[in-house]
1. Report the chymotrypsin sites (Phe, Trp or Tyr not before Pro) located in region 66-113 that are in a DSSP loop and have at most 12 other Cβ atoms inside 10 Å of their Cβ, or state none.
2. So how far, in whole Å, is the C-alpha centre of region 8-56 from the one of region 137-162?
3. In what sequence, highest mean first, do 20-33, 138-151 appear when ranked by Cβ atoms within 10 angstrom?
4. Could you state the orientation-averaged shadow area of the convex hull built on the Cα atoms of region 2-74, in nm² to one decimal?
5. Give me the one-decimal nm value for the distance between modelled label points at ASP158 and GLU107, 7 Å along each residue's Cα-to-Cβ direction.
6. Please list, or write none, the lysines whose alpha carbon is within less than 27 Å of the alpha carbon of LYS55, excluding same-chain residues fewer than 8 places away.
7. Assuming 0.36 nm per residue, please report the length gained on full extension of the stretch ALA131 to ARG70 beyond their Cα-Cα distance.
8. Can you give the FRET efficiency to the nearest 0.05 for THR81 and TYR11, using r as the Cβ-Cβ distance and R₀ = 30 Å?
Amino acid sequence: MVGELGPSTPYDMKQFVGRSIGYFWSFPHSQLYAEPVRLVEAGLLTEEVEQGGRKRRTYRLSRAGRKALRQWLAEPTAEPTEIRDLGLLKLFFGSLTGSPERRALAEEQRRAHHRRREEYEALREAVSSVATPHQLATLEMGLRFERASAAFWSELLDDESF
């Protein structure tokens, strides 16, 4: 994030996450305070602390940090995609409930995915003139995921045996 934002405080990073990667890469916000300290110790970031007031810490990429970031970005990945979805977890155990509960789950999931798709569409409209093609591509993947998820839950609802 510091590579993308430039000099940043943990609060800056938290704001950035909330309007960008937080949509597809979740992690505890406490990591935004702990990880920069570790990266400073490793020589990958530099730290500047305000002398007065709140003593905010601003982090910058060091030369070694920029090199490590470029190396990491250049490495292709074959990591499997992780889906952590409470709706799917409940669906998996759906035989332990009745049809009304499963249908209520499917209806709520369909609505939730429609709302998220609408949120992504509004976000795309708001950032299309300032986002990079790579950022827009990740947003497009989010849109496709939400459309596919909504369609999945709709298909379940259309199945009489569900």
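Just so it is clear, none of the values below were taken in a lab; they were calculated from the coordinates. Predicted, not measured: the structure shown is a model, and the values here were computed from it. Here Cβ is always computed from backbone atoms with ideal geometry, including for glycine, and neighbour counts include all displayed protein chains.
1. Details: sites: TRP72, PHE92, PHE93; in loops: PHE93.
Sites meeting the loop and neighbour criteria: PHE93.
2. 34
3. On the way: 20-33: 13.3, 138-151: 15.9.
So the peptides 20-33, 138-151, ranked by packing, come out 138-151, 20-33.
4. On the way: hull surface 20.9 nm².
The number I arrive at for region 2-74 is 5.2 nm².
5. About 1.9 nm, to one decimal.
6. LYS14
7. Working: separation 61, 0.36 × 61 = 21.96 nm, distance 2.02 nm.
Contour length minus Cα-Cα distance gives 19.9 nm.
8. On the way: r = 30 Å, r/R0 = 1.00.
Result of the calculation: an efficiency of 0.50.
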